[in-house]
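Following: one structure in structure tokens, then a few remarks.
The values are calculated or read from the model by the stated rules, or taken from the named source; none is laboratory data. Computed from a predicted structure; not experimentally measured. FYI the Cβ positions are ideal-geometry reconstructions off the backbone, even for glycines, and counts take in every protein chain you see. In case anyone asks, the SASA skips ligands and DNA or RNA and just uses the protein heavy atoms, side chains included. Shrake-Rupley method; radii C 1.70, N 1.55, O 1.52, S 1.80 Å.
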Amino acid sequence: MNRIFSGIQPSGNLQLGNYLGAIRNWARMQYDYECIYCVVDLHAITVPQDPRELRTATREVAAGVIAGGVDPTRCIIFNQSQVSAHAELTWIFNCVARLGWLNRMTQFKEKAGKDREGQSVGLYTYPVLQAADILAYKATDVPVGEDQKQHIELSRDIAQAFNSMFGVDFFPLPEPRIQAEAARIMSLRDGTKKMSKSDPSDYSRINMTDGPDDIALKIKRAKTDPHSLPETPEDLEERPEALNLVTIFAALSERTVEDVITEFAGKGFGEFKVALTDLAVTTLGPIGDEMQRLMTAPDEVDAILRAGAEKANAIAEPILREAQQIVGFHRL
Ligand code: TYM
């Protein structure tokens, strides 16, 4: 049976890429599969966090996941630190994964930049924790954006290495599930950079809590080029900003890029941006409103997280115990 697991960092400011690349797919999957969704606060502290802000962001991101359509009566929603199996399994996997595998991780290289030596050890072993997240539930499918693909592949390598190291067929090899049409939503200021909540410019992204005026202003200011919209998707290949706006339109309206191009071929970006603004406001407006409402009802969110942690623990704990047994830990 397929079991879905995915995670999201509690760093506030959920943005359109999180919604289209991840949360919306999480919601879609809940009707067909057992789904477990996690706010990854252990991952968050791989870079310095203000403790109070981390607590608020954890609730806020949980609110965003729920407002984005993930139904807590169908799925398990919880925060990672409340289920100790994640950290415990990480240690076992730290002893299975090889340094060479981690040295290949592009996200670490990007985040560390030139100051590799100054990073926390946690930032380096971050993908090992991600593997433990998934495999603590023996999850088979992981809905993520394109940027997480390498980490899921590492999870497969770790699962396979564990199995062969101990001669067992214990962990499944999880599959990344990447939604093609919204795999990589790019910055509104630079079509070659991914949209991200950590970008210093707020104009680079649409936040899930942005109201109609902000959305309109950001789309109006979004970088484009002087040409009108082309006739075919191929003609967008060398035009990253134009391609990104069309991709966002397609993803929000659940149509293909080709279909959107056919409708707007030959039209200018002024006209296209007005249509995109209308679409974004109608689609994201109710989600932002519900997220704001949940933020004023912290007890409601906390109750969901508490119940979620209990259910998550009930699945992960026996899997962890079995893994410990396989490794040879003497249980007294
Ligand atoms: P995070 O918090 O950076 O992002 C959460 C999800 O949003 C997707 N995403 C995007 N998709 C398309 N376009 C974008 N511009 C964009 N920005 C973000 C991400 O791909 C991700 O799916 N390491 C993970 C969290 C994690 C996890 C896990 C995921 C921890 N454990 C286990 C899956 C399974 C992260 O930092 O995601």
Study note, to complete from the structure: GLU310 passes all but one of the listed conditions (1) surrounded by fewer than 16 Cβ atoms within 10 Å (Cβ to Cβ); (2) over 30 Å from ASN163 (Cα atoms); (3) of a type in the set (Asp, Glu); the exception is number (2)
Study note, to complete from the structure: ASP225 vs (1) modelled with pLDDT under 95; (2) under 27 Å from the mean Cα position of the chain (by Cα): all pass except (2)
Exercise for review: Can you give me the ranges of the helices (runs of 4 or more DSSP H) entirely in region 1-105 with at least 3 residues that are open to solvent by 10 Å² or more (accessible area, probe 1.4 Å)?
Suggested key: 24-29, 51-67, 85-94, 99-103
Point to revise | Within region 120-155, tally of residues that are more than 12 Å from the ligand (Cβ to nearest atom), touching a Ser or Thr at 6+ places or on another chain (Cβ under 9 Å) and touching a residue at least 60 places away in the same chain (Cβ under 8 Å) | key: 2
Check your understanding: How do the pairs read when you match residues in region 179-194 that are over 17 Å from ILE219 (Cα atoms) with residues anywhere that are of a type in the set (Ser, Thr, Tyr) and in a loop (DSSP other than H, G, I, E, B), using Cβ under 9 Å and keeping only pairs 6 or more apart or on different chains?
Key -> GLU181/THR256
Exercise for review: State whether the residues of region 77-97 include one that is more than 10 Å from the ligand (Cβ to nearest atom) and within 26 Å of ALA251 (Cα to Cα).
Suggested key: yes
Check your understanding: What about LEU54, is it over 12 Å from ASP141 (Cβ atoms) and near the ligand (Cβ under 9 Å from one of its atoms)?
Key -> no
Check your understanding: Residues in region 206-228 that are surrounded by fewer than 18 Cβ atoms within 10 Å (Cβ to Cβ) and under 24 Å from ALA67 (Cβ atoms): how many?
Key -> 5
Study note, to complete from the structure: Of (1) more than 14 Å from the ligand (Cβ to nearest atom); (2) farther than 21 Å from LEU173 by Cα, VAL65 fails just (1)
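Return the residues of region 168-205 that are assigned to a helix (DSSP H, G or I) and within 9 Å of the ligand (Cβ to nearest atom); say none if nothing qualifies. Show your work before the answer.
Just the residues of region 168-205 that are assigned to a helix (DSSP H, G or I), to begin with: 180-182, 202-204.
Scanning region 168-205 gives a single hit, ALA182.
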Study note, to complete from the structure: The number of residues in region 229-259 that are in a loop (DSSP other than H, G, I, E, B) and surrounded by 19 or more Cβ atoms within 10 Å (Cβ to Cβ) is 1
Review point. Given the conditions (1) under 24 Å from ALA183 (Cα atoms); (2) part of a strand (DSSP E or B), and given that LYS109 satisfies all but one, which numbered condition is not satisfied?
Key: (2)
Review point. (1) in a helix (DSSP H, G or I); (2) not assigned by TED's automatic domain parsing to the domain that holds TYR37: which one isn't true of GLY266, the others all being true?
Key: (1)
Revision key, fill the gap. With criteria (1) without any contact (Cβ under 8 Å) to a residue 40 or more places away in the chain; (2) in the same structural domain as ALA136 (by TED's automatic domain parsing); (3) open to solvent by less than 20 Å² (accessible area, probe 1.4 Å); (4) not aliphatic (A, V, I, L, M), ASP169 comes up short on (3)
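Scanning for something in contact with a Pro (Cβ under 9 Å, 6 or more places away or on another chain) and surrounded by 22 or more Cβ atoms within 10 Å (Cβ to Cβ), does region 122-132 turn up at least one residue? Let's see the steps before the verdict.
Here is the first cut: in region 122-132, the ones in contact with a Pro (Cβ under 9 Å, 6 or more places away or on another chain) are 131.
Filter once more, keeping what is surrounded by 22 or more Cβ atoms within 10 Å (Cβ to Cβ): 131.
For region 122-132, residues in contact with a Pro (Cβ under 9 Å, 6 or more places away or on another chain) and surrounded by 22 or more Cβ atoms within 10 Å (Cβ to Cβ): present.
Restricting to region 260-276, give me the number of residues that are surrounded by 13 or more Cβ atoms within 10 Å (Cβ to Cβ) and over 20 Å from ILE206 (Cα atoms).
Initial filter on region 260-276 (surrounded by 13 or more Cβ atoms within 10 Å (Cβ to Cβ)): 260-265, 268-269, 272-276.
Within this subset, residues satisfying the condition of being over 20 Å from ILE206 (Cα atoms) are 260-265, 268.
Within region 260-276, residues that are surrounded by 13 or more Cβ atoms within 10 Å (Cβ to Cβ) and over 20 Å from ILE206 (Cα atoms) number 7.
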